[in-house]
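Novice: Questions regarding the structure given below will be posed in turn.
The values are calculated or read from the model by the stated rules, or taken from the named source; none is laboratory data. The structure presented is a predicted model; accordingly, all values stated were derived computationally and were not measured. With ideal geometry, Cβ positions are generated from the backbone for all residues, glycine too; neighbour counts draw on all protein chains shown. The accessibility values were calculated without ligands, DNA or RNA, using every heavy atom of the protein model including side chains. Shrake-Rupley method; radii C 1.70, N 1.55, O 1.52, S 1.80 Å.
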Amino acid sequence: IRDRIELAKKIRDENLRKKVIEFLTNPKLSHPEFKKYPREKIEEAVTPFTVSSPSGGMTVERDVLNHTIAVTEMCISASEILEKNFGLRLNRDFLIAAALLHDIMKVFEWKKTKEGVEHTGVMLDHTMLAVAELYKRNFPEEVIHIVASHIGESGPTPPRTFEALLLSYIDSMLSLIEFRILQQKSYLILGDEFSKEMGEKTEK
């Protein structure tokens, strides 16, 4: 939790900084009909994730907290590089706020059970839940847009600002890298039998 708050403190606008820290420390679903859904602790929140791969689309469990911190740090660094090399001045306050909050509602979307990670049954995905809550809490339109468009060009709201475009690409890139890292660890844990099985599937 402390790492996210420290990153939020980099937001210069006092009002926006307070809003972000409040959301981070107290994520909730304001709509009364959604209060029935359980909230996972951010430190324990994971989501199932898969991409097309030689393994046939293995699913891995991704750490939401670590992903969020990494995305935010990369957005900050990338914005500095873009300004230095191309003179592109991004609104770093909006970028940090959106990066910290883009996946926050996954704590309501997935839950840990004895059988593994399961969907809570909530009918809206984490992006729509976050957008609704950001709107409710009177966040700036630009921040709401960045969060709404982090899925990318294929989503219902494509990125319309450089800040939104940056978050979208960094989120996607890091997600793919995380998947490969976790996939590799899974291979090592499962050992030779799994590798042999995957080899047979590839040959077929």
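Novice: Determine the principal axes of the Cα atoms in segment 76-125, then give the extent along each, sorted from largest to smallest and rounded to whole angstroms.
Specialist: So the three principal-axis extents are 50, 19, 12 Å.
Novice: While we're here: Over every pair of different alpha-carbon atoms in segment 48-160, take the mean of 1/r and invert it; report that Kirkwood radius in Å. Don't jump to the answer; show the numbers that get you there.
Specialist: On the way: mean 1/r = 0.0635 Å⁻¹.
Kirkwood radius, segment 48-160: 15.7 Å.
Novice: Moving to a separate point now. Counting other C-beta atoms within 10 Å, and keeping those with at most 10, which DSSP coil trypsin sites (Lys or Arg not before Pro) do you find in segment 74-103?
Specialist: Qualifying residues, ordered by number: Arg89.
Novice: Then there's this: How much mean residue ellipticity at 222 nm does the chain get from its helices, if each DSSP H run of length 4 or more adds -39500 (n - 2.57) and you divide by all residues, to the nearest 500 deg cm²/dmol?
Specialist: -18500 deg cm²/dmol
Novice: Quick one: longest stretch of the chain between exposed loop GluC sites (Glu not before Pro), exposed meaning at most 13 other C-beta atoms within 10 Å and loop per DSSP?
Specialist: Free of exposed loop sites, the longest segment is 45-114.
Novice: Just to check, using Stokes-Einstein with a Kirkwood Rh over alpha carbon pairs, what's the diffusion coefficient of segment 106-180 at 10 °C and 1.306 mPa s in µm²/s?
Specialist: The Stokes-Einstein estimate is 116 µm²/s.
Novice: Still on this structure: With a probe of 1.4 Å, find how much accessible area segment 1-159 has per residue, and write the answer as a whole number in Å².
Specialist: Averaged over the residues of segment 1-159, the accessible area is 54 Å².
Novice: Please list, in order along segment 149-156, the HN-Hα scalar couplings obtained from phi with the Karplus expression 6.51 cos²θ - 1.76 cosθ + 1.60 (θ = phi - 60°), rounded to whole Hz, x for Gly and Pro.
Specialist: 9, 5, 5, x, 4, 7, x, x
Novice: Using +1 on the beta carbon of Lys and Arg, -1 on that of Asp and Glu, and nothing else charged, what's the dipole of the chain about the Cα centre, debye to 20? Kindly include the intermediate steps, with their values, before the conclusion.
Specialist: Values: 29 positive and 32 negative charges, 123 e Å.
Dipole size: approximately 600 debye.
Novice: Given springs between every Cα pair under 10 Å in a Gaussian network model of the chain, which of Ile81, Ile42, Ile96 has the largest fluctuation?
Specialist: Comparing Ile81, Ile42, Ile96 in a Gaussian network model of the chain, the most mobile one is Ile81.
Novice: Once amide H atoms are built 1.01 Å from N in the peptide plane, which residues 5 or more positions from Val117, or in another chain, come under 5 Å H to H?
Specialist: none
Novice: At 30 Å minimum axial length over the Cα atoms and a Kyte-Doolittle cut of 0.0, report the qualifying DSSP H helices in the chain, or say none.
Specialist: Qualifying helices: 64-86, 162-203.
Novice: Calculate log10 I(q)/I(0) of segment 1-46 for q = 0.19, 0.20, 0.25, 0.34 Å⁻¹, where I(q) comes from the Debye formula with a single equal point scatterer on each Cα and nothing for solvent.
Specialist: The Cα Debye sum returns log10 ratios of -0.71, -0.75, -0.93, -1.19.
Novice: Restricting to Cα atoms and excluding each atom paired with itself, what does the Kirkwood estimate give for the chain in Å?
Specialist: For the chain, inverting the mean 1/r across all distinct Cα pairs yields 18.2 Å.
Novice: Which distance in Å, rounded to a whole number, links the C-alpha centroids of segment 68-144 and segment 1-32?
Specialist: Centre-to-centre distance over Cα atoms comes out at 11 Å.
Novice: Then there is this: Just to be sure I understand: with springs between alpha-carbon atoms less than 10 Å apart, which residue in Lys36, Lys28, Lys112 has the highest mean-square fluctuation in the Gaussian network model of the chain?
Specialist: Its mean-square fluctuation being the largest, the pick is Lys36.
Novice: What pairs in Lys19/Lys84; Lys18/Lys185; Lys10/Lys185; Lys106/Lys185 have C-alpha atoms more than 32 Å from each other?
Specialist: Going by Cα-Cα distance, Lys18/Lys185; Lys10/Lys185 fall outside the 32 Å limit.
Novice: How much of the accessible area of the chain, probe 1.4 Å, is carbon plus sulfur, in whole percent?
Specialist: Numbers: 6280 of 11860 Å².
For the chain, the apolar C and S fraction of the accessible surface comes to 53 percent.
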